[in-house]
Amino acid sequence: MKLLVVGASGFLGRNFLLAAPREWDVHATYHTAESFPAWLAGAGLDHVVPVRVDLRDEGAVGRAMEGVRADACLYLAADTRVRALVEDPSLDVRNNVLPVANVVKRLRGGRLVFVSSGAVYMGHEGSVTPATPLRPTIPYAISKEAAEGYVRFAAGRGWCDGYVVLRFFGAYGPHEPPRKITTKLVRAARAKEPEFTIFGDGENLIDVVHVDDAVRGLMAAVQGPAKDVTVDFCAGSPATLNDFALRVGRDFGHAFELRHEGESPEYIRFHASPEGMAAAFRVRPTVPLEDGMRRLDAWLTERG
């Protein structure tokens, strides 16, 4: 398989590349992560060609993708700094809409797998599905809905051979950014810190999968056979941030005193089902939270 991975230097991208078959011919784009080519070499991923490109620059995208006719394109690139995007909506357009438009314009065949976000359901409460009417209430969610529209537009124009939109609810595991709540929780629990701070009241929901389960889902979506589908990609085990934090603490034999400050710009009160992924791609989450957190702890410990 010849595969184009857009935004490969991030958390999901690195885990996906580590799991991809060595016989695949992979082109992987990155931008600001200057150490990415060295990381590929250190991981022995000599079948992956790093391509440095600013996805906001139409000309640069055209040059980077010239002559690349892949069997599939996995689009992972995203600016997920939700708080910053709320403060500057134009940043959301530049970093989350324009890159998608530039990439789909240059596609020439192959299936397109776009990793969207469960955030598109912002404004809803309770159970949601891909049939739920969207009315996103924050910039990051607005741009994801717009990007989904460009993906469908590209398929309609024949620029790609069908699409898969994955409304992803999040993952945790090796290579995740230190700012993520899961890394913060593991480190705090290991250090037996007496308090853990959560932005907002902690009653918003979290429903994450271990990155190994996320990668299995991405692999299945890239290889088909389902296409022209939109599915929710989640664990199906929603919990409030308060309950989640306390559970992780207990799994490490520790009890936090929770502190709350400020507010959360991404206040989630909706939840989805993993049945869509099971029906379309025969993928279900298999890694229990306690096991997944232990794996993350081992990875963090190994790296000091």
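The values are calculated or read from the model by the stated rules, or taken from the named source; none is laboratory data. All figures in this text were calculated on a predicted structure; none of them were measured in a lab. So basically every Cβ, Gly included, is an ideal-geometry build from the backbone, and we count neighbours across all protein chains shown. Only protein heavy atoms, including side chains, enter the accessible area calculation; ligands, DNA and RNA are left aside. Shrake-Rupley method; radii C 1.70, N 1.55, O 1.52, S 1.80 Å.
Worth pointing out:
- Counted by Cβ distance under 13 Å from F281, the other residues give a net charge of +2, where Lys and Arg count +1 and Asp and Glu count -1.
- Here is the list for region 232-281: GluC sites (Glu not before Pro) lying in DSSP coil, each with at most 15 other C-beta atoms within 10 angstrom of its C-beta, are E263.
- Linear extension gain, E275 paired with R250, 0.36 nm per residue minus alpha-carbon span: 6.1 nm
- Computed label-point distance, nm, for sites T137 and D291 using a 7 Å Cα→Cβ extension: 3.7 nm
- Taking Cβ atoms as reference points and 11 Å as the exclusive limit, the residues near D201 contribute a net charge of -3, counting Lys and Arg as +1 and Asp and Glu as -1.
- Å² of accessible area per residue within region 1-145, as computed with a 1.4 Å probe and no ligands counted: 42 Å²
- Here the relative contact order of the chain, from alpha carbon pairs under 8 Å that lie six or more residues apart, stands at 18 percent.
- Taking the Cα centre of region 1-159 as reference, the dipole from Cβ charges on Lys and Arg (+1) and Asp and Glu (-1) amounts to some 360 debye.
- Applying both filters, DSSP loop and at most 15 other Cβ atoms within 10 Å, to the chymotrypsin sites (Phe, Trp or Tyr not before Pro) of region 102-188 eliminates every site.
- The Cα center of region 168-198 and the Cα center of region 1-40 differ in position by 24 Å.
- Dimensions in Å of region 196-304 - Rg and Dmax from alpha carbons: 16.1, 48
- Extreme residue, positive dipole direction of the chain, given options V86, M277, L246 (C-beta unit charges): M277
- A helix-only calculation puts the chain at -11000 deg cm²/dmol for mean residue ellipticity at 222 nm, using -39500 (n - 2.57) for each DSSP H run of at least four residues, averaged over all residues.
- Cut-off 14 Å between beta-carbons: net charge of the residues surrounding Y140, Lys and Arg +1, Asp and Glu -1: -2
- Each DSSP beta bridge with both residues in the chain is either parallel or antiparallel, and the antiparallel ones are about 5%.
- Cα-projected label distance for V93 with M1, points at 7 Å along beta-carbon direction, nm: 3.6 nm
- Estimated dipole of the chain in Debye, rounded to 20 [Cβ of Lys and Arg +1, of Asp and Glu -1, Cα centre]: 720 debye
- Fraction of accessible area attributable to carbon and sulfur, the chain (%, probe 1.4 Å): 50 percent
- Sites D46 and E125 - FRET efficiency at Förster radius 45 Å, r taken between beta-carbons, to 0.05: 0.40
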